[in-house]
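Working notes, beginning with the structure itself.
The values are calculated or read from the model by the stated rules, or taken from the named source; none is laboratory data. Remember, predicted model here, so these are calculated numbers, not experimental data. No Cβ is skipped: glycine too gets one built from the backbone with ideal geometry, and neighbour counts run over all protein chains shown. SASA here: full protein model, heavy atoms, side chains in, ligands and nucleic acids out. Shrake-Rupley method; radii C 1.70, N 1.55, O 1.52, S 1.80 Å.
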Amino acid sequence: MAHASERGHVLLLPTHYYVAGGALAVSLSFLVLAFLSPRPLEEMARKRLLLLALPSTGRTLASLLSFAVFACLVAAGFLGSRDPLSNPLPLAVWTLLWVGLTLAQGIFGNLWARINPWYGPWRVVMALTGRGEAGEPFRLPKAWGYWPAVMLLFAFAWFELVYLAPDDPARLAAACLAYWLFSFAGMLLFGYEDWARRVEFLSTFFSMIARLSPFEAKEEDACRQLALRLPGAKAVDSDPLPPSGVAFLLLALSSVSFDGFMRTFTWLGLIGINPLDFPGRSAVILPNSLGLAAMFAALVAVFLIAVALGDRMAARPAGLGQSAGLLVWSIVPISMAYHFSHYLTALLVNGQYALAALSDPLSKGWNLFGTAGFHVQAGVALGAQSAWMIWNAQVAAIIGGHMLAVVIAHVIAYRIHGSQRDAATSQIPLAALMVGYTVFGLWLLSSPTAG
């Protein structure tokens, strides 16, 4: 279980109080906003506090270093230990990248744009061939939208949640290498920017999550201006997403939700599995595949229904496409909150394994960074005190994420409809959905799991 750890404690906290309090907090945040003018919030969201100017150089070098690290990790996957807790590749992918970097993106901004392992090699090839940055021979059809990224994200989620051995180092190395080659070929053929924005799902996902960050960097006068804004302000300013972009964000949330749901006794009971005698992943490939797709379809359906109902309730409807394309940005803080809450224990425990594995990637007795003998302390996720701290951190993240989502949705609704009354009225169904999802998320955290 390199990508997520089991719950390390029996939860004895008053769950029903937390669930009721979370639902009440999100509901009250909507009621308070309904009586306040969104205009001051909108004006505050536009404000920027300039912090400093940074050199715009170094992106190519950072990406080349990232590519070198990636190559070493893939080599370790093929040549290193078969133990996913000793081999650095599964720990780097499932813990440091998918968990740690996602959280860093939401806090510090789009770091991935500078450190991904494709940009540097792409620039080198462009320079050697004399093609320049606009030398791609083909263009991606606009009609494709984000659908390629949606399909790749679903494949990634399926590999993580359903595939028999997602943390087997050799199989994961083969998958990572194949994906890097596929994406690099696409960037050479169709151009880096368009491919990274609409096909390469990690770049798409990280760029959307980065809109939650309070830090904003803009290229001006050959330097990067770093400014401070309100968290989520960049989501408020965003252009409406096409249907494929809406589907991408909802898939990112639903896949993490299903990761928690598929381990509950409730889901295992639905598919006829005794949770106390779990037969292994091979026995649940088909039902979990269908469940992953069904969770995605259900979230898309309830989101579109809530947005459509709200738009009809407004005096001046804007249309489902416009409303959904803008309001889906309010999903970003919820997705970030679920990511943090669901993977918190994995980050705390497996992050320590990663420190040790990176110092000895091939299990040769090396100690490259002085952490090979690091003693992993699983106690950070065990015991009554740790249980209290972890549970409250998870609850605070989910409730806080939903409350921020309500604020973002309220400002976006005002941007769509142009009046306080219509903004508040149109948000009633979506606010109800957010309250329901808050309850669902807290229930997931407190439910017993197996598998």
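Numbers below:
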{"item": "Within region 310-337, tally of residues that are surrounded by fewer than 17 Cβ atoms within 10 Å (Cβ to Cβ), among the charged types (D, E, K, R) and either touching a Cys at 6+ places or on another chain (Cβ under 6 Å) or in a helix (DSSP H, G or I) (or both)", "result": "1"}
{"item": "Helices (runs of 4 or more DSSP H) wholly inside region 23-140 containing at least 3 residues that are open to solvent by 50 Å² or more (accessible area, probe 1.4 Å) and among the aliphatic types (A, V, I, L, M)", "result": "59-79, 119-129"}
{"item": "Residue in region 281-304 that is part of a helix (DSSP H, G or I), of a type in the set (Ser, Thr, Tyr), more than 30 Å from residue 416 (Cα to Cα) and modelled with pLDDT under 95 present", "result": "yes"}
{"item": "Test: residue in region 235-246 that is within 30 Å of residue 53 (Cβ to Cβ), assigned to a helix (DSSP H, G or I) and hydrophobic (A, V, I, L, M, F, W, C)", "result": "yes"}
{"item": "Residue satisfying all of: in region 420-445; open to solvent by 30 Å² or more (accessible area, probe 1.4 Å) and polar (S, T, N, Q); nearest to residue 165 (Cα to Cα) among these", "result": "425"}
{"item": "Count - residues of region 230-286 that are within 20 Å of the chain's Cα centre (by Cα), open to solvent by 60 Å² or more (accessible area, probe 1.4 Å) and either among the polar types (S, T, N, Q) or under 30 Å from residue 448 (Cβ atoms) (or both)", "result": "0"}
{"item": "Members of region 106-129 that are of a type in the set (S, T, N, Q), over 21 Å from residue 88 (Cβ atoms) and in contact (Cβ under 8 Å) with a residue 40 or more places away in the chain", "result": "110"}
{"item": "Pairs, first without any contact (Cβ under 8 Å) to a residue 40 or more places away in the chain in region 318-329, second crowded, with 23+ Cβ neighbours inside 10 Å and not charged (D, E, K, R), C-beta under 9 Å, six or more apart", "result": "320/307"}
{"item": "Test for residue 307: is it open to solvent by less than 10 Å² (accessible area, probe 1.4 Å), in contact with a Ser or Thr (Cβ under 6 Å, 6 or more places away or on another chain), in a helix (DSSP H, G or I) and β-branched (Val, Ile, Thr)", "result": "yes"}
{"item": "Any hit, region 348-355, residues being free of Cβ contacts under 8 Å to residues at least 24 places away in the same chain, over 23 Å from residue 404 (Cβ atoms) and not in a helix (DSSP H, G or I)", "result": "no"}
